[in-house]
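The values are calculated or read from the model by the stated rules, or taken from the named source; none is laboratory data. What you see is a predicted model; the values in this text were computed from it and never measured. Cβ coordinates were reconstructed from backbone atoms using ideal geometry, including for glycine residues, and neighbour counts include every protein chain displayed.
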Amino acid sequence: MSENRNIVDQLSTAYNTEISGYHFYTTAAALVEDSKGKGVFINLAKDELAHIMVISKIAESVKKGLGWIGYEEALKRGGDSFMEGGIPIFQKENELVKRFQTNQTDLNAVAIAMENEESAIDFYSNLLKQAKEPVEKVVLTKLLEMEKAHLKVLRWESESLNNTGFWCGNMEFSVEKETE
C-alpha cells in the first residue's frame, strides 16, 4: 500500500505541475505579441489540459487499487469527466505567472516555458526510472516524449524571436534578399 501512496503522491505532484503549466500557457497566450508564439502557447495549454485529465484518471485508478491505466484510456475517461465538469482546475499561486508578470516580453515567456518543460522532462525521466509495470512505463514514456516535443517547439520559437532566421528549421527570411 505504501508503494501506491508513493505513486499517488508523485501523480499529485505531476497534476499540480501540469495545472501550473496550463495556467502559465493560457496567460502567456493572452499576453504575447508574436502570432506564432500565441499559437504555440495555445497548443501547449491544450496539451497540458490533456495531461491533467490523464494524470487525474490514472491517480483515481491507483487510489482505487486498480493500478495504472493506459494513456488513451485515461484520456477517454478524463474527457468525459471534464465535459461533465467533474474535474475542477483551480489556479493556485503560480510562480511561473508571477515571473512572467515581472517582465511581460515574448522572450521571457518563452524562456520561462522552456525552463518549465525542462523541469517536466527531468521529473518524468526520474519517474520512468522508478517505474515497474509495463503500462506505467508506456504512459510515462508518452508524457516524457510529449514534454520533449514541447521543449523543441519552444526552442524554435526562441530562435524565431531571437531573429536567427529560422522557425521549425525553415528559413523565415533570406539574408541574400536583404537590401541595404
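Below is a table of values for the structure above.
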item	result
Residue under evaluation residue 69, criteria (1) in a helix (DSSP H, G or I); (2) surrounded by 17 or more Cβ atoms within 10 Å (Cβ to Cβ); (3) of a type outside the set (Asp, Glu), criterion not met	(1)
Qualifying residues in segment 72-105 (those that are among the aliphatic types (A, V, I, L, M) and outside any loop (DSSP other than H, G, I, E, B)) - the one modelled with the lowest pLDDT	83
Where a residue in segment 5-33 is under 18 Å from residue 124 (Cα atoms) and its partner, wherever it lies, is surrounded by fewer than 20 Cβ atoms within 10 Å (Cβ to Cβ) and among the basic types (Lys, Arg), with Cβ under 7 Å and at least six apart	8/63
Among residues of segment 17-40, those that are surrounded by fewer than 20 Cβ atoms within 10 Å (Cβ to Cβ) and over 11 Å from the mean Cα position of the chain (by Cα), counted	10
Selected residue (criterion: nearest to residue 40 (Cα to Cα)) from residues of segment 142-179 that are modelled with pLDDT of 90 or more and among the acidic types (Asp, Glu)	147
Matching residues, segment 1-44, being outside any helix (DSSP H, G or I), of a type in the set (A, V, I, L, M, F, W, C) and at pLDDT below 90	1
